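**Student:** Sharing a structure below in structure tokens format, with a few things to ask.
The values are calculated or read from the model by the stated rules, or taken from the named source; none is laboratory data. In this text the structure is predicted, and so the values were computed from the model without any measurement. All Cβ positions, even for glycine, are placed from backbone atoms using ideal geometry, and neighbour counts span all protein chains on display.
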Amino acid sequence: MERREEEHYSNYFVQSPSSGFPDQESEFQSPSQYDSVPLVLIRLDESPKHSDFLKYSENKCVFEYDDDDEEKRLMSLRSPKSGWWIVLQILWRFLFSFGVALLVFYIATQPPHPNISLRIGRINQFILQEGVDSHGVTTMLLTFNCTPNLIVDNKSNVFGLHIHPPSLKFFFGPLNFAKMKGTKLYASSHESTTFQLYIGTKNLAMYGAGREMADMLQSKAGLPLILRMNLISDFRVVWNIINPKYHHNLECLLFLSNIGRHNQATVVRQKCRLVS
């Protein structure tokens, strides 16, 4: 049993050769003598070449061995002389410098808010006539098409303005009777560009609203309609890293009349504004 324990634990207490061994009886009677004997704590290993002295005191010496290879590898990675550490430092400095350069570039060339407006170009067709719907119900059918003009004033001297597909809707009161989704548009830098859009419908059953619209179309006040447009525009300063976006909501109130024009409605007046 003692040999197994000695093999398992390689620590030994060795008495200093300068002192004699006291007998067992004197040890119990004089504990101070036992404490005064210098001790050497030694940890032995099969590879003594890796040993190292960690502590040395006046009367005692501690001899300890540390063979934690993984910890040494981790310490070597953190060492300033490590290749990985140098690469990490270079990469971090490059990213920091690149971010600062982008920020300075954006501040120096920051594009101003674009000016966007909407006008009704003309009503190509606005015809209300009696007919039957798909279920055979007699009602007023509307055939209508219009070409509104989107005017974009891009004041940036460097960047072009990307316009997402605009959404247009025509209303008579709360009734939405026509809608359209446009295509992507692009306005060059430092230019004012006019885009012609299109919205319309054909043989749309209007039911109760149809008769009211026909009566107002013949009146002096005219038929009030509302055109609403929503769109998003953005400047792509540095790809998608710096990409300021703008939301635009526009609205036009127009009045149509076909007095003395044989079913050819025209815009008698209009008022357009930027809602937000």
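**Student:** With respect to SER219, determine if the residue is at pLDDT 90 or above and either assigned to a loop (DSSP other than H, G, I, E, B) or outside the structural domain of GLY121 (by TED's automatic domain parsing) (or both). Even if it seems obvious, please write down each step before you answer.
**Tutor:** Details: at pLDDT 90 or above: no; either assigned to a loop (DSSP other than H, G, I, E, B) or outside the structural domain of GLY121 (by TED's automatic domain parsing) (or both): yes.
Judged against the criteria, SER219 is not a match.
**Student:** Another one. Would you mind stating whether LEU88 is among the aliphatic types (A, V, I, L, M), surrounded by 12 or more Cβ atoms within 10 Å (Cβ to Cβ) and either at positive phi or without any contact (Cβ under 8 Å) to a residue 60 or more places away in the chain (or both)? Break it down stepwise before answering.
**Tutor:** Values: among the aliphatic types (A, V, I, L, M): yes; surrounded by 12 or more Cβ atoms within 10 Å (Cβ to Cβ): yes; either at positive phi or without any contact (Cβ under 8 Å) to a residue 60 or more places away in the chain (or both): yes.
For LEU88, the condition - among the aliphatic types (A, V, I, L, M), surrounded by 12 or more Cβ atoms within 10 Å (Cβ to Cβ) and either at positive phi or without any contact (Cβ under 8 Å) to a residue 60 or more places away in the chain (or both) - is met.
**Student:** Moving on to the next point. Quickly run through the stretch 228-248 and pick out the residues that are under 16 Å from the mean Cα position of the chain (by Cα) and touching a residue at least 12 places away in the same chain (Cβ under 8 Å). Step through it out loud before you land on a result.
**Tutor:** Restricting attention to the stretch 228-248, the residues satisfying the condition of being under 16 Å from the mean Cα position of the chain (by Cα) are 234-246.
Selection gives ASP234, PHE235, ARG236, VAL237, VAL238, ILE241, ILE242, PRO244, LYS245, TYR246.
**Student:** Can you find a residue that is farther than 30 Å from LEU103 by Cβ, of a type in the set (Lys, Arg) and surrounded by 15 or more Cβ atoms within 10 Å (Cβ to Cβ) anywhere in the stretch 222-230? Spell out how you get there, then give the answer.
**Tutor:** Of the residues in the stretch 222-230, the ones farther than 30 Å from LEU103 by Cβ are 222-230.
This time we only want the ones that are of a type in the set (Lys, Arg), so: 228.
In the following step, the residues that additionally are surrounded by 15 or more Cβ atoms within 10 Å (Cβ to Cβ) were identified as 228.
Looking through the stretch 222-230, at least one residue is farther than 30 Å from LEU103 by Cβ, of a type in the set (Lys, Arg) and surrounded by 15 or more Cβ atoms within 10 Å (Cβ to Cβ).
**Student:** Quick one: in the stretch 119-162, which of the residues that are of a type outside the set (Gly, Ala, Ser) and touching a His at 6+ places or on another chain (Cβ under 9 Å) is nearest to TRP239 (Cα to Cα)? Show your work before the answer.
**Tutor:** First, the residues of the stretch 119-162 that are of a type outside the set (Gly, Ala, Ser): 119-120, 122-130, 132-133, 135, 137-155, 157-159, 161-162.
Going one step further and asking which of them are touching a His at 6+ places or on another chain (Cβ under 9 Å), we end up with 154-155, 157-158.
Numbers: ASN154: 19, LYS155: 20, ASN157: 17, VAL158: 14 Å.
Filtering first and then ranking leaves VAL158.
**Student:** If I ask for residues that are under 22 Å from the mean Cα position of the chain (by Cα) and over 30 Å from ALA187 (Cα atoms), which ones from the stretch 93-113 would you list?
**Tutor:** LEU95, PHE96, SER97
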